[in-house]
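Quick notes on the structure that follows.
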Amino acid sequence: MELDGKYSKDQSLKCECLLFDLDDTLYPFNSGIAADIKKNIQDYMVHKLGVDEAISLDLCVLLYKQYGTTMAGLRAVGYQFDYDDYHSFVHGRLSYDKIKPDPVLRNILLSLPIRKLVFTNGDRTHASRALKRLGIEDCFEGVVCFETLNPTSPPPPVPAQELEIFDLMKHLAHPQPAVQLPKSPILCKPSREAMLQALKVASINPQTTILFDDSFRNIEAAKQIGMCTVLVGTSERKKGADHALESLHNMKEALPELWEEAEKDEDVRNSSKAGIETSVIA
């Protein structure tokens, strides 16, 4: 597999696994789910963690940029909370009917007799509900999700008056060389450690895997560990992404090699004719 998005006519794309992000990748950004998630995160920060509402949006964005997810950032700077409670608040209140069934994507996925998995920073319940709304829950071998990479619960909470919260906004505004950003106990994309752990638990070879993701920093991280990458949500290919697709509906036109290579393997094709129920990889 070449990693610069260019393939010679006599060289096929060797791919054994397709790895798909969930949010804003398998369903489009314009569904409105992303905006609802951000609003729910802000509400959680204010009403559950006591963050000043005036800075909640800025802090939410900063934590996301620094740590991959706001949740990981909140834990890094010192906030303590139950992971299930967080996910229930942030995802449990979503209107999943905003995600529409996608029979076109379903047909594309089922026409590809290649191993397919979902890799999301979200929790298993959110992934299951979104995939079912799309009508593609049986198109994947499994889901690598929050619980896959973070199997243990956080320690019992410390009384609020004893919490020491790292002031990220102050640190970024006036950085001190001797002060380092605290590390998050949560594993999530785009960290290299999270990427490698996901590959390990799912028995994936990065050299023969393609990642489809709407986040460019996830694409960059995947590229650094040897994966071929497809940036989803834009037709403009950035440096570090091998391909760029406005929508996964354009997969066959952009990556015909996938179908050509897969059709050479009769055994794989026959074994993939019947869909299977997607399960979470523990």
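Take the conditions in contact (Cβ under 8 Å) with a residue 40 or more places away in the chain, touching a Cys at 6+ places or on another chain (Cβ under 9 Å) and surrounded by 14 or more Cβ atoms within 10 Å (Cβ to Cβ) and apply them to I136. Does it pass? Taking the combined requirement at face value, the residue does not satisfy it.
Under 9 Å between Cβ atoms, at least 6 apart or on separate chains: pull out the pairs that start in region 32-49 with a residue that is of a type in the set (S, T, Y) and end on any residue that is at pLDDT 95 or above and open to solvent by 30 Å² or more (accessible area, probe 1.4 Å). Qualifying pairs under 9 Å: Y44/D85; Y44/F89. Here region 192-222 is the region considered, the condition is being touching a Leu at 6+ places or on another chain (Cβ under 7 Å) and small (G, A, S), and the residue that is farthest from C15 (Cα to Cα) is A194.
Going through (1) of a type outside the set (G, A, S); (2) more than 28 Å from G50 (Cβ to Cβ); (3) outside any helix (DSSP H, G or I) one by one, R133 falls short only on (3).
For region 146-195, the candidate set comprises residues that are at pLDDT below 95 and charged (D, E, K, R); within that set, the residue that is least open to solvent (accessible area, probe 1.4 Å) is D167. Applying the criterion of at least 3 residues that are in contact with a His (Cβ under 8 Å, 6 or more places away or on another chain) to the strands (runs of 3 or more DSSP E) found wholly in region 141-258 leaves 228-232.
If you take the residues of region 243-282 that are of a type in the set (S, T, Y) and open to solvent by 50 Å² or more (accessible area, probe 1.4 Å), which of them is modelled with the highest pLDDT? Among them, the one singled out is S279.
The values are calculated or read from the model by the stated rules, or taken from the named source; none is laboratory data. Here the structure is a predicted model, which means the values were calculated and not measured. Neighbour counts are summed over all protein chains in view; Cβ atoms, including those assigned to glycine, are modelled from backbone coordinates with ideal geometry. Each accessible area value is taken on the protein alone, full model and side chains, heavy atoms only, with ligands, DNA and RNA left out. Shrake-Rupley method; radii C 1.70, N 1.55, O 1.52, S 1.80 Å.
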